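So the structure is just underneath, and the comments pick up after that.
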Amino acid sequence: MVTPTPLHPGSRSPYVLVVDDDEYVHGALEAALRVLRVNLLTARTAAEGEALAFQYRPSLAIVDVGLPDRDGYELTADLRRSPALAGMRILILTGQSPDATAARDCGANGLILKPFRLHHFLDLAREQLGAHAPEEQRLPAILARGA
């Protein structure tokens, strides 16, 4: 089981779950989400992601399509079937051809195509967090240049 990374300990920041088996994606999203002052949960498999979703009930989940144990669309549909997770927003992340129909059919709130620009990702994450989005900090210079 993965322990949450408190990016802002002691705060009432929302939890954001990232389910992706790519270490680079985890690092990039953690760096980007730091700006939004959230608590990050990371999982490498659908099973880990599902367990963390039920344990922490994140405000937002970012789910990769190509997971080693189950398709990200299937995971999203399974999460959507649970009344306990009804308020969670879910973004599908894919490096394959985007399938907006499959994303919509499984209950995703949006679709992100890899590679993505960090500032576009942040805009979408901020929009999905809505009222749960804490006051953000300025974008770090390294992200601003690379985004």
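Yes or no: PRO98 part of a loop (DSSP other than H, G, I, E, B) and either of a type in the set (A, V, I, L, M) or modelled with pLDDT of 95 or more (or both)?
no
For (1) in contact (Cβ under 8 Å) with a residue 12 or more places away in the chain; (2) hydrophobic (A, V, I, L, M, F, W, C); (3) over 24 Å from ARG12 (Cα atoms), each residue gets a yes or a no:
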| residue | (1), (2), (3) |
| --- | --- |
| ASN39 | yes, no, no |
| ALA43 | yes, yes, no |
| GLU48 | yes, no, no |
| LEU52 | yes, yes, no |
| ASP78 | yes, no, yes |
| SER97 | no, no, yes |
| ALA100 | no, yes, yes |
| ASN109 | yes, no, no |
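So, of the residues in the stretch 112-127 that are free of Cβ contacts under 8 Å to residues at least 24 places away in the same chain and closer than 14 Å to LEU60 by Cβ, which turns out to be surrounded by the most Cβ atoms within 10 Å (Cβ to Cβ)?
Among residues in the stretch 112-127 that are free of Cβ contacts under 8 Å to residues at least 24 places away in the same chain and closer than 14 Å to LEU60 by Cβ, the one surrounded by the most Cβ atoms within 10 Å (Cβ to Cβ) is GLU127.
I'd like the residue in the stretch 101-116 that is touching a Gly at 6+ places or on another chain (Cβ under 9 Å) and modelled with pLDDT under 90 and, out of all such residues, is farthest from GLY66 (Cα to Cα).
For the stretch 101-116, the residue satisfying everything is PRO115.
Which ranges mark the helices (runs of 4 or more DSSP H) fully within the stretch 3-94 that have 1 or more residues being more than 12 Å from the chain's Cα centre (by Cα), at pLDDT below 95 and of a type in the set (Ser, Thr, Tyr)?
Here the list reads 23-34.
The values are calculated or read from the model by the stated rules, or taken from the named source; none is laboratory data. Predicted model, so just to flag it, every value in this text is computed and none were measured. Quick reminder, even Gly has a Cβ in these numbers, built from the backbone with ideal geometry, and neighbours come from all protein chains shown.
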